[in-house]
Amino acid sequence: MECSLLVVGNEILDGTVREENASWLAGRLNALGFRVRKIGVVGDGEEEIEEGLEWVMAGSRFVFVCGGLGGTPDDRTREAVAKRLGRRLVQHEVARRELEEKLEKLSRWGIELGGREWIMKMSLVPEGGEILKNRLGMAPGIRLSAGEVTLFLLPGVPVELKVIFAEEVEPLLGRGEEREVVELTLGSEETRFSGLAEELERECGVVVGMYPLFGRLEVRMRIVGKAGRAAEAARRVKEEAERAGVPLLAERSFRLG
């Protein structure tokens, strides 16, 4: 099943903050057996988020939106998603109660947060949405369906996003398609095997990535496909390398999903 990711935040586009959520999510989703087909970054504007949603939702089964769920004026993900889906923003009672409990706990610790009306904004969800509990921060995540697409709205704070994904999202996703990965490191320039890589993708139904190692005459070939197909493609690469006198420097294989 295919996934797409949308990162929301002016701070990413202007370079103030280094983006790490999408790369972490992509790695985790691939490990679970899901294919990530698109990753986009948009600013905080409502129209920008809507445009990004239009793009990532097309052809995807699961869409992950990172950021824009806080309680400040530039957090507009909820509004943009509701507008894109033609739904109202409604108060989620469980989210409201949990926010109130967190505020009460902070008060007992002698911490009083200002702007309560902005904080309570985090209990609003697009109609039909369900919350994903956030035990580390204030803003809950949100899960909602739009036709055949399931959207997961996650806070942009990396540690909160990772915990919500592990505790709330992974149990809902389960496992995707089981795939095999074979990585071969060859003592050659990448173009030496470009033609063979194209041939393997066409004939074996695999995806081949080629990554030259900077400063060395080496290339890492990553072959991903259904069980058996990646191994067959790797066998053909090794045979070609042996015929051409190209040394095989390293090999490893593992499963996804």
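Can you tell me which lysines have their Cα less than 30 Å from the Cα of residue 238? Leave out same-chain residues fewer than eight positions away.
Partners within reach: 226.
As a test of understanding, state the convex hull volume per residue of segment 179-256 from its alpha carbons, in Å³.
74 Å³
Out of all DSSP beta bridges in the chain, what portion is antiparallel? Express it as a percent rounded to 5.
65 percent
If you split all Cα-Cα distances of segment 1-147 into 5 Å bins from zero, what percentages do you get per bin, shortest first?
Result returned by the calculation: 2, 9, 17, 20, 20, 16, 10, 4, 2, 0.
For the chain, with a Gaussian network of springs between Cα atoms less than 10 Å apart, report the residue from 39, 12, 131 with the top mean-square fluctuation.
Top of the fluctuation ranking is 12.
Taking chymotrypsin sites (Phe, Trp or Tyr not before Pro) that fall in a DSSP loop and have at most 12 other Cβ atoms within 10 Å as cut points, what is the longest piece of the chain between them?
Here the longest segment lacking exposed loop sites spans 1-108.
Enumerate the lysines that residue 121 could reach by cross-link, defined here as Cα to Cα under 17 Å, with residues fewer than 8 away along the same chain left out.
83, 102, 133
Measure nothing but the geometry: give the 0 to 90° angle between the long axis through the Cα atoms of 46-57 and the longest principal axis through the Cα atoms of the chain, rounded to 10°.
Between helix and principal axis, roughly 40 degrees.
In whole angstrom, note down how far apart the Cα centers of segment 1-72 and segment 187-257 are.
Segment 1-72 and segment 187-257 have Cα centres spaced 30 Å from each other.
With the chain treated as a Gaussian network of Cα nodes joined by springs under 10 Å, which of 226, 105, 133 yields the largest mean-square fluctuation?
It is 105.
Sorted from fewest to most neighbouring beta carbons within 10 Å, what does the list 138, 221, 120 look like?
The fewest-first ordering by Cβ neighbours comes to 120, 138, 221.
Local charge sum around residue 83 (other residues, Cβ-Cβ under 13 Å, Lys/Arg +1, Asp/Glu -1)?
-3
Over 10 Å intervals from 0, what percent of Cα-Cα pairs in segment 55-99 sits in each interval?
21, 48, 27, 4
In vacuo Debye scattering of the chain, one point per C-alpha: log10 I(q)/I(0) at q = 0.09 Å⁻¹?
After summing over all Cα pairs, the log10 values are -0.51.
Every read-out reported here was derived from the displayed coordinates using simple, explicitly stated rules and does not represent laboratory data. This is a predicted model, so every value here is computed, not measured. Backbone-built Cβ (ideal geometry, glycine too); neighbour counts: all protein chains shown.
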